[in-house]
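One structure below.
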């Protein structure tokens, strides 16, 4: 399920929270840095995604097991999710909400840029293997907080 939707018009601007967005096929989310070409990794084919997703559960485990609190929004992903193993979506098509279809491209670990920007080195230590995925938007449509994520048949 989608628990938060975040966008940022440029790589160094704050994330903006939304209740609902309209995903655009082949582009991403309106006014987001991935869609506008103003992201830190824009143009780097390996790290150019339409959208990014991150699981909430590793952050909850970090707080419970190690007493460390990191806001998932610090990792600057578009969608914060709960109740789904995002790694299982890599290489697969999945639906968010009633219409939007995405394709899981690859794991999206935190980068040095994020760690330097936040000053939170523990991101690498505790979250490097559980940070979510990058995805392409195949079919556009509305996505809102509370929408389910459904793996589509192969």
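Computed quantities for the displayed model
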{"item": "Filter result (under 15 Å from residue 34 (Cβ atoms) and loosely packed, with under 15 Cβ neighbours inside 10 Å) within segment 90-108", "result": "106"}
{"item": "Members of segment 100-118 that are at pLDDT 65 or above and either over 16 Å from the mean Cα position of the chain (by Cα) or outside any loop (DSSP other than H, G, I, E, B) (or both)", "result": "100, 101, 102, 103, 104, 105, 106, 107"}
{"item": "Unmet criterion (only one of (1) surrounded by fewer than 19 Cβ atoms within 10 Å (Cβ to Cβ); (2) touching a strand residue (DSSP E or B) at 6+ places or on another chain (Cβ under 8 Å); (3) modelled with pLDDT under 95; (4) within 15 Å of residue 132 (Cα to Cα)) for residue 31", "result": "(4)"}
{"item": "Lone unmet requirement of (1) modelled with pLDDT under 65; (2) touching a helix residue (DSSP H, G or I) at 6+ places or on another chain (Cβ under 8 Å); (3) surrounded by fewer than 16 Cβ atoms within 10 Å (Cβ to Cβ); (4) closer than 16 Å to residue 77 by Cβ for residue 121", "result": "(4)"}
{"item": "Residues that are assigned to a loop (DSSP other than H, G, I, E, B), under 13 Å from residue 81 (Cα atoms) and modelled with pLDDT of 95 or more, drawn from segment 124-154", "result": "145, 146, 147, 148"}
{"item": "When residues of segment 3-28 are limited to those that are surrounded by fewer than 21 Cβ atoms within 10 Å (Cβ to Cβ) and not in a loop (DSSP other than H, G, I, E, B), the one nearest to the chain's Cα centre (by Cα)", "result": "4"}
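The values are calculated or read from the model by the stated rules, or taken from the named source; none is laboratory data. Just so we're clear, the structure is a prediction, and the values are computed from it rather than from any experiment. Because the Cβ atoms are built from the backbone with ideal geometry, glycine has one as well, and the counts that use them run over all protein chains shown.
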